[in-house]
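Peer 1: Just passing along the structure, written as structure tokens.
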Amino acid sequence: MELIDGKLISATIKDELKDKVEKLKNEGITGSLAVIQVGNDPASSIYVKNKKKACEYIGIGSVSYELAENTTEEKLLGVISDLNKRRDIIGILVQLPLPASISEDRILEAIDPSKDVDGFHPVNVGKLCIGHKGFVSCTPAGVIQLLKRSNVDIAGKHCVIVGRSNIVGKPMSLLMLKENATVTVCHSRTKDLAGITSQADILIVAMGKPEFIKAEHVKEGAVVIDVGIHRKEDGKMCGDVDFEAVKDKASKITPVPGGVGPMTIAMLMNNCVESLENLKED
């Protein structure tokens, strides 16, 4: 069994991006990522801090808007509208979840698709569907990089994805199809889950249930990618896969933490650099 080290791979990607940003700066092309947080959810605050740190590391600017919990939808839409018009802003990221009084759909759709570095706008999702160039949701894009940089051959393999969310499961299935995998998507209504997952050459799990995937779900020699992250009662972190039960059956597996997590921010930075490169073409 080989551990897929997301920390190491994400660090390599950030170093590559740092070089690209330096070259663009020398050509006079610069820009900043705008991060908007509504309320002060502790997990969101940590994510925002990590995103700012990553921007600083690769050499792009970051502007943050910390809005009160009782901010209205109209006010937030106004902030986004202003940022859409600013040429120095290359990416707009609204940290989710938002308070219940604000429609996530309305907010995400208000972001200019050319600044949607999270890859959540319907225009970018549509582009992914038909194979056109656009921003891709960061976690699934990170999984593709983990596989490629760990020398996993994707073409022709049977990939089973557990989970069908708009953020991970659906875009993941499209990206794996693009890489010529044969894709099966399972979810909460799937009958005989273990029967299907145990046929997977590559098993990607994003179902949101702690340590749900056991040895009987995994084929001998499969590559297992665990997108889940949970904190157990004893304070330790775990994923959707029961790591101890599965590790001896898998040929390669991601740990939690230190697997998929670091890749999400690395791919967000990748999208920001793509956005900078698009300025060059304007």
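Peer 1: Residues to consider are N40, N50; find the one that is in contact (Cβ under 8 Å) with a residue 12 or more places away in the chain and assigned to a helix (DSSP H, G or I). Walk me through it before giving the result.
Peer 2: Values: N40 fails: assigned to a helix (DSSP H, G or I).
Just one listed residue meets the conditions, N50.
Peer 1: Next question, about the same structure. So which residues in region 1-17 are under 17 Å from V152 (Cα atoms) and loosely packed, with under 14 Cβ neighbours inside 10 Å, if there are any at all? Outline the logic, then answer.
Peer 2: So the first thing to find is which residues in region 1-17 are under 17 Å from V152 (Cα atoms), and the list is 1-6, 8-10.
Result: M1, E2, L8.
Peer 1: Ok, one more. Of all the helices (runs of 4 or more DSSP H) wholly in region 120-229, which have at least 1 residues that are touching a residue at least 40 places away in the same chain (Cβ under 8 Å) and surrounded by 17 or more Cβ atoms within 10 Å (Cβ to Cβ)?
Peer 2: Working: elements: 122-130, 138-149, 169-178, 193-197.
The qualifying helices (runs of 4 or more DSSP H) are 122-130, 138-149, 169-178.
Peer 1: A further question on this structure: Cβ-Cβ below 6 Å, separation at least six or inter-chain, first residue in region 94-118 and under 19 Å from T139 (Cβ atoms), second surrounded by fewer than 15 Cβ atoms within 10 Å (Cβ to Cβ): which pairs?
Peer 2: L98/E104
Peer 1: Look at E274 and say whether it is in contact (Cβ under 8 Å) with a residue 60 or more places away in the chain and either in a loop (DSSP other than H, G, I, E, B) or not assigned by TED's automatic domain parsing to the domain that holds G59 (or both). Working first, answer last.
Peer 2: Numbers: in contact (Cβ under 8 Å) with a residue 60 or more places away in the chain: yes; either in a loop (DSSP other than H, G, I, E, B) or not assigned by TED's automatic domain parsing to the domain that holds G59 (or both): yes.
Here the answer is yes, as E274 does meet what is asked.
The values are calculated or read from the model by the stated rules, or taken from the named source; none is laboratory data. Treat the numbers as computed from the prediction; the structure is a model and nothing was measured. Every residue, glycine as well, gets a Cβ built from its backbone with ideal geometry; the counts of neighbours run over all protein chains shown.
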